[in-house]
1. Sequence gap at least 6, Cα distance under 8 Å: using those rules, report the relative contact order of chain A to the nearest whole percent.
2. Provide the net charge surrounding A:Leu160, with neighbours chosen by a C-beta distance below 13 Å and charges set as Lys +1, Arg +1, Asp -1, Glu -1.
3. Going by a ≥ b ≥ c, the root eigenvalues of the Cα gyration tensor, does the protein assembly as shown fall in the rounded group (a/c under 1.5), the prolate group (a/b larger than b/c) or the oblate group?
4. Less than 10 Å Cβ to Cβ from B:Ala68, Lys/Arg counted +1 and Asp/Glu -1: what total charge do the surrounding residues give?
5. Would you mind computing the Rg to Rh ratio of region A:100-169 from its alpha-carbon coordinates, Kirkwood style for Rh?
6. Membrane-span-like helices in chain A: DSSP H runs reaching 20 Å or more (Cα, own axis), mean Kyte hydropathy at least 1.0?
7. Report the charge-dipole magnitude of chain A in Debye, nearest 20, computed about the Cα centre from +1 at each Lys and Arg Cβ and -1 at each Asp and Glu Cβ.
8. Among the lysines, which have Cα under 19 Å from the Cα of B:Lys164 when same-chain residues fewer than 8 positions away are ignored?
Amino acid sequence: MTMADFDSLIDELSADAAPVKVATSRSGRIGLLVVALASFIFAAVKGWRADLWTALMPTQLWLTLGLLGLLAAAAGGGAVRMARPQVGAASSGTGWALGGVATLLLAALVAIVGGSHDASVAGGWRCTAYGSLFGLATFLFLAAWLKRGAPVQPERAATLAGIAAGAVGGFAISLDCPSNAIAHVGIYHLLPILIGAAAGRLLLPRLLRW
Amino acid sequence: MIARDEDCRRLMAAAQAGDKAAYRALLGDARDWLARYYARRIVPQLVDDLIQETLISLHAKRATYDPARPFYPWLAAIARYRWIDALRKQVAMDELHEADAMVEAEEDAVLSRLSLDSLLTRLPPAQANVIVLTRVEGRSVTEAARISGQTESLVKVNVHRGLKKLAALVESE
């Protein structure tokens, strides 16, 4: 390719310089918040747990909601940011948030092994299915956001999108499910995260490469 | 001479608003930066194609640049993405044309290593070495195996694993 060829390419591209709407991370985070809130409202239609309005929820549930909310914010914010390429922007926030959620899983396993809880608490798989469903809108939003952007690490961005969707779903189902058993919450309310991560990693990268 | 980051930010913001002259100037600056960036990161015959592909990518994804942020880290991430993509495509080319692979003089190989992307220093030496030999210097797998002391199968495995790791490091410092 000669310098004249480059000049010709540059002329062609610059002639096509129509105004574009800049996709800032801020607008993506706002969109993500709106979609997550809509998912919670969708869960509310199904029926939130009765003690939600009486401030009688056990401390453990506040902890679950806090950790899932943190994970949704870290992974979702990370996925939104990854639509915009930038050297030096790599962050490990999601790893720490996942570590926090993993303590719930650990507590559930300890409860099951210790025999103090029965993991097959009624409706477990139902909670996982509804949790995954509640995360679907977040998954689709992030997939569309990334597709519109320019992720330079499509696999990682796709996995983060799936984790965020699963965390939103787990949060929503925790508002709905009346069970306080750690063996139930720590397994069935967290499974949507695993399902979301797997779905993101397997389904999205092909769509996101550019 | 490479344009200052703040000048590129200003030009890119204007380009996003539809200013064709500003965009033309920016693309010229980006071409010069990319020519320096890709020199010695890939076999010389592919540098121009890679610059062309990256300019087209810049154009297609210009809405993802946030003018409130520095320009070069954005361009560098796109350049690295296209570079790793080109290195991967070379794998397929080599499988078809291994016998015709180009071999450079030893002095050129030493110079290539001196100016490699810092990303390669993050890989295990065995992987970085065979990526340099086969993808940057354009040697055949047989040649790379002889120089590195690895078997041909191990060279292929290390190139594959190394490129995968590189792809995961695109946005790292």
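1. Taking the mean separation of contacting Cα pairs over the length of chain A, I get 29 percent.
2. In short, +1.
3. Here the protein assembly as shown falls in the oblate category.
4. +2
5. Rg/Rh: 1.14.
6. Span-like helices in chain A: A:25-47, A:59-82, A:93-113.
7. 300 debye
8. Excluding near neighbours in sequence, the set is B:Lys89, B:Lys156.
Here, each number is a calculation from the coordinates, and none is a lab measurement. Nothing here was measured: the structure is a model prediction, and the numbers come from that model. Please note: Cβ atoms are built from the backbone with ideal geometry, for glycine as well, and neighbour counts cover all protein chains shown.
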